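Written out below as structure tokens is the structure these notes cover.
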Amino acid sequence: MTVSGRQVVRAVIAGCGSALPRRVLTNAELSTMVDTSDEWIVERSGIHARHIAGEGETTRSLGAEAARRALAHAGIGVEEVDMIVVATSTPDLTFPATAALIQADLGVQKGAAFDVQAVCSGFVYALGVVDALIKTGQARCALVIGAETFSRILDWTDRATCVLFGDGAGAMVLVAEHHPDTPASPGLLVTRLHTDGRQNDKLFVDGGPSTTGTVGHLRMEGREVFKHAVVNIAAVMEEVMTVAGVQPADVDWFVPHQANRRILEGTARKLGIRADRIVMTLDRHGNTSAASIPLAFDLAVKDGRIRKGELVLFEAMGGGFTWGAVLARF
Ligand code: UT7
């Protein structure tokens, strides 16, 4: 580890929150809707249940609730917020951005609010963007929200995809603080983002404003995505640890995007991260795309597992393909 007395601006995680729709959809119930079984879903993905948005529950309402809880956890008032970034692929409207709608709901009146669209990697991308905005002095107190209602873009007759996803939202409050430039100081240490647009047809939605004029449905070549995920996730995790000068054994918690239990455990094994250091929520949330990382983080902070001062590695991979990782000292 490099140690220096030089002070730098860090984006520090000051609080977190989450929100889930009321309705829980179990594998047993899904088995009455499509030709599937609890055994198949659990064995192939690790998912037992997921939350599904009902009437009145949208990406905006879930995101705003998660943000309120994150601000309360941080002990920070809305008047201090000067940036809102929402990671979502299921916005309430084509425009304006869901972030603008949430800004109005919260009563935030300064700074900017916009959405980031990188599908399941959205939250990691949003952290990367906010980290840069805080370091360059454009924001001092940012809300980073991952919020999704994927149930509304699923083809409920396609058993290969509809069993995998769920709805929800998570949020973090990030504040600018001055700290010595060492991995021991709090804040985001390293963020790395990647895209390979040649793979855009492996995981996509077959509609949009400029093509069909419809919302469309999610389509995925699961086995292809799986193959790339294992390679890309391990590579970007190694990349951020190398840049930060830390070893896998230094990482206290691995908070990954929750797509598939086999991907998470395989990656951790490959990098030498202990299984009991992985925060796993996909059993109860399914894959909530950009919401899965902040949902998992919030759960593990609130149940006392992740504590202040610990080193946390976030990673995600999704449609695009996009992938990325963030190493942070909480
Ligand atoms: O979040 C963004 C990133 N997304 C991911 O990382 C997802 C990556 N992919 C995966 O997690 C896995 O590929 C899946 C969980 C989607 C699928 O698991 P798999 O082991 O790759 O299964 P498969 O797609 O190769 O399908 C195996 C069999 C097929 O039958 P045949 O062709 O072997 O006869 C499918 O038709 O399972 C069948 N199948 C199902 N059977 C029961 C597919 N879906 C279902 C289902 N229930 N829901």
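The values are calculated or read from the model by the stated rules, or taken from the named source; none is laboratory data. Note that the coordinates shown come from a computational prediction; the quantities given were computed from them, not determined experimentally. We place every Cβ from the backbone using ideal geometry, glycine too, and count neighbours over all the protein chains shown. The area values use the complete protein model at the heavy-atom level, side chains included, leaving out ligands, DNA and RNA. Shrake-Rupley method; radii C 1.70, N 1.55, O 1.52, S 1.80 Å.
In this label model, Thr211 and His178 are separated by 5.0 nm, measuring between points 7 Å along each Cα→Cβ vector.
In this structure the stretch 1-56 gives 53 Å² per residue of accessible area when probed at 1.4 Å with all protein chains present. Which of the aspartates and glutamates could a cross-linker bridge to Lys110, judged by Cα under 12 Å and excluding same-chain residues fewer than eight apart? Hits, sequence-local ones excluded: Glu79, Glu80, Asp82. Rolling a 1.4 Å probe across the protein heavy atoms gives the stretch 186-330 an accessible surface of 41 Å² per residue.
Calculated on C-alpha atoms, the gyration radius of the stretch 141-217 divided by its Kirkwood radius gives an Rg/Rh of 1.12.
For Lys202, the aspartates and glutamates whose Cα comes closer than 12 Å to its Cα, not counting residues fewer than 8 places off in the same chain, are Glu221, Glu224.
Average accessible surface for the stretch 83-126: 38 Å² per residue, computed with a 1.4 Å probe over protein heavy atoms with every protein chain in place.
If you sort the three axes of the alpha carbon gyration tensor as a ≥ b ≥ c, you get a/c of 1.5 or more for the stretch 122-180 and a/b above b/c, which makes it prolate.
For the stretch 198-243, take N as its residue count and report Rg(C-alpha) divided by 2.2 N^0.38 Å.
Numbers: Rg = 14.9 Å, N = 46, 2.2 N^0.38 = 9.4 Å.
Here the Cα radius of gyration is 1.59 times the empirical estimate.
A Förster radius of 30 Å combined with the Cβ-Cβ distance from Asp250 to Glu55 puts the calculated FRET efficiency at roughly 0.05. The Rg/Rh ratio for the stretch 97-147, using Cα coordinates for both the radius of gyration and the Kirkwood hydrodynamic radius, is 0.95.
Within the stretch 177-316, the ratio Rg/Rh, alpha carbon atoms throughout and Rh by Kirkwood, equals 1.01. Note on the chain: Kirkwood radius taken over Cα pairs, Stokes-Einstein applied at 20 °C and 1.002 mPa s, translational D equal to 109 µm² s⁻¹. Would you mind classifying the stretch 101-237 by shape? Square roots of the alpha carbon gyration tensor eigenvalues, ordered a ≥ b ≥ c; an a/c under 1.5 is rounded, otherwise it is prolate if a/b is larger than b/c and oblate if not. It comes out oblate by the Cα gyration axes. On the stretch 130-229, 52 percent of the accessible area sits on carbon and sulfur atoms, based on a 1.4 Å probe. Run the accessible area of the stretch 35-99 with a 1.4 Å probe and give the carbon-and-sulfur part as a rounded percent. Summing carbon and sulfur atoms, their accessible area is 52 percent of the total for the stretch 35-99.
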